[in-house]
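The values are calculated or read from the model by the stated rules, or taken from the named source; none is laboratory data. Since the model is a prediction, treat every value here as computed from it, not as a measurement. As a convention, Cβ positions derive from the backbone with ideal geometry for all residues, glycine included, and neighbour counts pool all protein chains shown.
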Amino acid sequence: MVTVSRTTVAVVGGGPAGVVLGLLLARAGIAVRVVEKHDDFNRDFRGDTVHASTIRLLDELGLGARFRRLPQSRLDDFSLPMPDGSRLLLGDFSRLRPPYDHVAMVPQWDLLDLLVTAAREEPSFRISMGLAATGTIEENGVVTGVHLRPYRDPDGPVEELRADVVIAADGRDSVLRDATGLRPRSFPVPFDTWWFRLPREPGDQATALVPAFSGTDVLLSFPRPEHHQVAYFAPKGSDAALRAEGLASFRERVARLRPDFADRVDAIASMDDVHVLDVRMDRLPRWWRPGLLCIGDAAHAMSPAGGVGINLAVQDAVATAAVLAPALGRGLRGAALDGTLAAVQRRRTPPAVVVQAAQAVLHRVVFARAFAGALRDGPPLLPVLLARYVPPVRGLYARGIAFGPLPEHAPSWARRPTV
Ligand SMILES: Cc1cc2nc3c(=O)[nH]c(=O)nc-3n(C[C@H](O)[C@H](O)[C@H](O)COP(=O)(O)OP(=O)(O)OC[C@H]3O[C@@H](n4cnc5c(N)ncnc54)[C@H](O)[C@@H]3O)c2cc1C
């Protein structure tokens, strides 16, 4: 049996992009339904850096106090290790104006829960967990809805969700993007990432982000309140070889990269605790089709370099709400929204291009050189000289990471006083 339902905006994907868009549209009084295939947000290793641009947005939305109550740690700067054991301070967030002078490390599920709780306070918001979009419904070349099925029960009941506009916020493997024939252009990425957890001890240093290089691999750890979330980087396609080498060898690699972790690498009980993520970077030449718009990773999958993906996805959502809500308010629907969807792409393509270009430089200058063993002699000279002898550069690097290009602000109708 097929159930047919209706909403004004169907948002597929309850990641940062989908949930923020749902909240903002609901605050404009627009009927919006977010559909998320998982039953909850409790997935680890999704990235949890909340940058200053997102913290400022949360303040504008009146959610700053709730956000600051979430368990979190602060990242006050980022540095590169030097061959003599010292650290080169590259980005100094303390040069930015408080309270937007740091990156907050917050488990992504806590952030998403907070946003959904706020959105549920709006009568026009609805979220359906455990439902997956399997394809689009089209009429005369216009997307007019999506087919939904229970994610855990592909033979379960089908729902046809009809909508005036569909937003594909379903991440880098977007089903809706594929269903509508939108094809991203891929950019080379020289590495994959392996994620795992290590226990956090009381005396562990917590506020700086310093990658560790050794021979041909890289390690980065993010302090969480109770543990370290650790990312191990190695050349793309090395997963099979790494697993064939076995657990003892992997623990040795980690201990070599971070001798201060040598006392706890036994916490990696098996290679099943080490989760590989195929890192990709791509971008759609065209983000929309009549009736459908891709945002966030569905429009531009981000590399983890710089940890900006969540924040860029959130900014896409803000721009979409700012442009779409007034157009829907004017009664535009379906193909009449073409100009609106194109306007979102025009507004958000430049930041995506700039950030991906910066990530490509990081891939070449840091990761590819590290894998070639070239960083043992220290980082490239130019950034070193700039960061060491032109201190304002540290503030510029920090600003670039914290806010990114063309940061968005909450539209006036979505703002609430901070409680
Ligand atoms: C290894 C790695 C580490 C990263 N680390 C960071 C970091 O530290 N900081 C950072 O800012 N960024 C990081 N990123 C990038 C960041 O994770 C993404 O850019 C960001 O999550 C994109 O948000 P999104 O909402 O567009 O998509 P996603 O976060 O991918 O959300 C998409 C949602 O859609 C749901 N979904 C998918 N298909 C369907 C369907 N058919 N029906 C219904 N729901 C569906 C998914 O379950 C998911 O919840 C990292 C990326 C990688 C690969």
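Summary table
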| quantity | calculated |
| --- | --- |
| Candidates Leu312, Leu293, Leu324 - the one that is within 21 Å of Gly14 (Cβ to Cβ), touching a Phe, Trp or Tyr at 6+ places or on another chain (Cβ under 7 Å) and in contact (Cβ under 8 Å) with a residue 24 or more places away in the chain | Leu293 |
| Residue list for the range 1-50, restricted to those being surrounded by 20 or more Cβ atoms within 10 Å (Cβ to Cβ), among the hydrophobic types (A, V, I, L, M, F, W, C), assigned to a loop (DSSP other than H, G, I, E, B) and within 11 Å of the ligand (Cβ to nearest atom) | Phe41 |
| Test: residue in the range 174-182 that is farther than 30 Å from Arg243 by Cα, more than 10 Å from the ligand (Cβ to nearest atom), at pLDDT below 95 and in contact with a Ser or Thr (Cβ under 7 Å, 6 or more places away or on another chain) | no |
| Filter result (away from the ligand (no atom under 16 Å from the Cβ), in a loop (DSSP other than H, G, I, E, B) and within 25 Å of the chain's Cα centre (by Cα)) within the range 245-287 | Pro285, Arg286 |
| Test set (1) under 30 Å from Leu148 (Cβ atoms); (2) touching a helix residue (DSSP H, G or I) at 6+ places or on another chain (Cβ under 6 Å) - Leu70 fails condition number | (1) |
| Subset of the range 73-90 [surrounded by 20 or more Cβ atoms within 10 Å (Cβ to Cβ) and within 15 Å of the ligand (Cβ to nearest atom)] | Leu75, Phe78 |
| Selected residue (criterion: nearest to the ligand (Cβ to nearest atom)) from residues of the range 183-207 that are modelled with pLDDT under 95 and of a type in the set (Lys, Arg) | Arg197 |
| Filter result for Arg415 (surrounded by fewer than 18 Cβ atoms within 10 Å (Cβ to Cβ) and out of contact with any helix residue (DSSP H, G or I) (no Cβ under 7 Å at 6 or more places or on another chain)) | no |
| Output for the range 137-184, where each listed residue is within 20 Å of Val2 (Cα to Cα) and free of Cβ contacts under 8 Å to residues at least 40 places away in the same chain | Ile137, Glu139, His147, Arg149, Pro150, Asp153, Pro154, Asp155, Gly156 |
| Condition check for Leu61: within 12 Å of the ligand (Cβ to nearest atom) and buried (at least 16 other Cβ atoms within 10 Å of the Cβ) | no |
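Residues are listed down the side, and each one gets a yes or a no for (1) surrounded by 14 or more Cβ atoms within 10 Å (Cβ to Cβ); (2) in contact with a strand residue (DSSP E or B) (Cβ under 9 Å, 6 or more places away or on another chain); (3) among the aromatic types (Phe, Trp, Tyr):
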residue	(1), (2), (3)
Gly181	no, yes, no
Asp263	no, no, no
Leu284	yes, yes, no
Leu293	yes, yes, no
